[in-house]
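Working notes for the structure below.
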Amino acid sequence: MQLDLADAPGGRLAEWLAGQVRGAVSDGRLPVGARLPATRVLAADLGVSRGVVTEAYRRLAEDGHVAGRRRGGTVVVAGPLGGERAGPGADPAAGGAASPGSGLGFGLGSASGAGVRAAGDRRTASATDRAAGRAADRAAGPAASGPQLTAGGGLFDGEPGHDVFDRLQKAPARFDLSPGAPDLAAFPRSAWLRAERAVLGGLPAAELGYGDPRGTPALRGAVADWLARNRGIPAAPEDVVVVAGTAQALGLLAQVLRAEGTSTVAFEEPGSLGVRLHLRRAGLATPPVPVDAHGVRVDALRATGAPAVLLTPAHQFPTGVVLGGDRRRALMAWAREGGLVVEDDYDAEHRYDRPPVAALRALMPDRVVYAGSVSKLLAPALRIGWMLVPPHYRDAFVEAKRYTDLGNATLPQLTLAALMRSGALERQLRLLRRRHRQRRDAMIAAVREQLPGAVVHGAAAGLHLTVTFSRLPGAVGDTALAAAALAHGVKLHPLSWHRQLPGPPGLVLGYAARTPTEIVGAVAVVGRLLRTT
């Protein structure tokens with residue numbers, strides 16, 4: 001890079017420098033893995049204070065372009081917008097990323113850059129974002145000049161099968177907007193390592209044996225405190241069962257329900273395809289119950305005759321609707337008559353423009369099975385979640401857990417408990433809210449710019465947006481649009497995947513794991529596909 005201080009606006013050196021680096025990342029001059037100069041070295045080269053460089057690096061880290069690697073320095077972690085460009089030490093087979101040890105030289109001269117800026121409570125993408133989006137659109141290749149959208153590629157043909165998410169994950173793409181993908185680059189490695197060292201340093205040898213299948217007492221107590229502070233749920237440690245994520249929790253619950261004769265669990269419509277596949281794999285029928293602007297329709301739930309229902313009341317997937325007060329009261333009446341509510345507290349902590357929503361478990365502890373995890377807050381790789389199980393089901397649930405795996409691994413449980421007790425998890429949540437808000441705002445602005453006529457749903461919370469269309473061009477469906485987007489390097493979900501009944505076409509777009517620049521570029525590709533059909 002050639003940097004010319006004469007181009008920098010007065011009094012805004014840090015903003016200018018961050019913009020130059022963002023631009024170099026977006027056009028491939030700084031590949032993934034490239035190491036930035038030390039702040040002291042770059043400040044001396046540019047003739048500015050070290051504080052200017054430190055502030056620029058902080059902004060870049062906050063929006064996901066770079067990450068600190070301690071002795072490894074500050075490293076680029078965001079990919080380029082357009083065609084891949086090899087850097088020092090690049091392996092062409094690996095997509096042009098530089099090796100983590102490759103150095104990066106900055107010189108003085110002239111350069112141009114593009115930045116992503118946000119301002120106000122509802123930040124929008126700047127003109128440079130839109131230019132970056134157009135660059136990504138052009139980079140999609142000649143086929144983008146006049147595509148005919150057809151449902152194809154195998155992945156989007158017919159009903160999605162049990163392996164659909166494995167296949168989608170393996171499919172190559174420049175931009176991955178899969179919903180539910182968390183910001184893995186934000187994992188608090190240093191805090192985790194400190195907590196893990198402290199745990200190992202004070203752990204008696206006896207604690208390295210098989211543990212309680214319900215989970216370690218330390219984590220069960222920490223989870224009970226966490227839920228009381230953050231979700232308003234009064235819970236005792238004995239109410240908590242530690243599980244390997246929500247997926248295992250639902251599988252174990254299905255075993256318990258089927259053993260007592262329950263074969264049907266009503267399901268939100270639309271509702272998560274992944275969860276529905278888990279329930280069906282466990283032998284449970286999932287009759288659809290429509291969701292409207294106030295949440296699940298309890299009258300339709302009654303009409304199914306199902307003895308249980310699975311809900312995402314705090315942030316319904318995929319619409320983002322919050323279960324309203326009248327519906328909650330109607331649901332409580334249904335539960336008092338013998339119904340069981342399975343509450344998947346999906347994305348409850350990730351909220352931006354609204355106050356917290358009370359958990360159903362706090363209102364009906366004896367009729368609600370509550371599921372939560374740290375998969376979106378920390379990382380799915382930890383495989384740590386929890387269930388609050390009513391007394392009637394608790395013994396059977398713990399027995400199912402015992403004979404499945406004898407309980408979760410002890411060391412990660414104790415490390416997570418230490419993070420919860422120290423306040424590090426709350427700090428992580430505050431960090432993610434700031435980053436997610438910026439990325440959400442970039443996506444909303446890009447949708448308004450590139451997808452005119454689209455309606456955005458679920459913006460107040462969560463890690464994704466749902467976009468619906470009154471209609472798509474010609475006879476094109478949302479699966480055909482998703483197939484074409486994947487062919488042009490953008491991975492996303494068609495809304496119809498998450499439906500059991502016919503409904504308006506739409507897309508489900510995740511934003512948590514992508515930088516604002518990547519989000520703008522991805523939505524630009526989808527917009528181009530729609531405009532040229």
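The values are calculated or read from the model by the stated rules, or taken from the named source; none is laboratory data. Computed from a predicted model, the values in this text were never measured in an experiment. Methodologically, a virtual Cβ is constructed for each residue, glycine included, from the backbone with ideal geometry; neighbour enumeration extends over all protein chains shown. Note: areas computed on protein heavy atoms with side chains; ligands, DNA, RNA excluded. Shrake-Rupley method; radii C 1.70, N 1.55, O 1.52, S 1.80 Å.
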For segment 480-510, enumerate the residues that are more than 16 Å from PHE317 (Cα to Cα) and among the aliphatic types (A, V, I, L, M).
ALA480, LEU481, ALA482, ALA483, ALA484, ALA485, LEU486, ALA487, VAL490
Quick test for you: out of PRO365, PRO356, pick the one residue that is open to solvent by 50 Å² or more (accessible area, probe 1.4 Å), at pLDDT 90 or above, under 18 Å from ILE233 (Cα atoms) and not charged (D, E, K, R).
PRO365
Looking at PRO380, is it touching a residue at least 12 places away in the same chain (Cβ under 8 Å) and over 14 Å from the mean Cα position of the chain (by Cα)?
no
Need a quick list: helices (runs of 4 or more DSSP H) entirely within segment 1-65 having at least 1 residues that are polar (S, T, N, Q), buried (at least 17 other Cβ atoms within 10 Å of the Cβ) and in contact with a strand residue (DSSP E or B) (Cβ under 7 Å, 6 or more places away or on another chain).
13-26
Quick check on segment 501-513. Is at least one of its residues farther than 30 Å from THR286 by Cα, open to solvent by 10 Å² or more (accessible area, probe 1.4 Å) and in contact (Cβ under 8 Å) with a residue 40 or more places away in the chain?
yes
Which one of the conditions (1) touching a residue at least 40 places away in the same chain (Cβ under 8 Å); (2) surrounded by 15 or more Cβ atoms within 10 Å (Cβ to Cβ); (3) out of contact with any Pro (no Cβ under 9 Å at 6 or more places or on another chain); (4) aliphatic (A, V, I, L, M) does LEU257 fail to meet, given that it meets all the rest?
(3)
Some residue of segment 426-448 being out of contact with any Asp or Glu (no Cβ under 9 Å at 6 or more places or on another chain), farther than 30 Å from ALA195 by Cα and open to solvent by 30 Å² or more (accessible area, probe 1.4 Å):
yes
Checking the conditions here, which among ARG439, ARG435, ARG430 is without any contact (Cβ under 8 Å) to a residue 24 or more places away in the chain and more than 30 Å from LEU257 (Cα to Cα)?
ARG430
Output for segment 274-311, where each listed residue is open to solvent by less than 20 Å² (accessible area, probe 1.4 Å), assigned to a loop (DSSP other than H, G, I, E, B) and in contact with a Leu (Cβ under 9 Å, 6 or more places away or on another chain)
LEU284, THR286
For segment 452-476, how many residues meet the condition of being among the small types (Gly, Ala, Ser), open to solvent by 30 Å² or more (accessible area, probe 1.4 Å) and farther than 20 Å from VAL520 by Cβ?
4
Only one residue in VAL467, VAL520 is touching a Lys or Arg at 6+ places or on another chain (Cβ under 9 Å), closer than 28 Å to LEU377 by Cβ and either touching a residue at least 12 places away in the same chain (Cβ under 8 Å) or not hydroxyl-bearing (Ser, Thr, Tyr) (or both). Which one?
VAL520
Go through segment 383-414 and count every residue that is in contact (Cβ under 8 Å) with a residue 24 or more places away in the chain, more than 17 Å from VAL223 (Cβ to Cβ) and open to solvent by 30 Å² or more (accessible area, probe 1.4 Å).
7
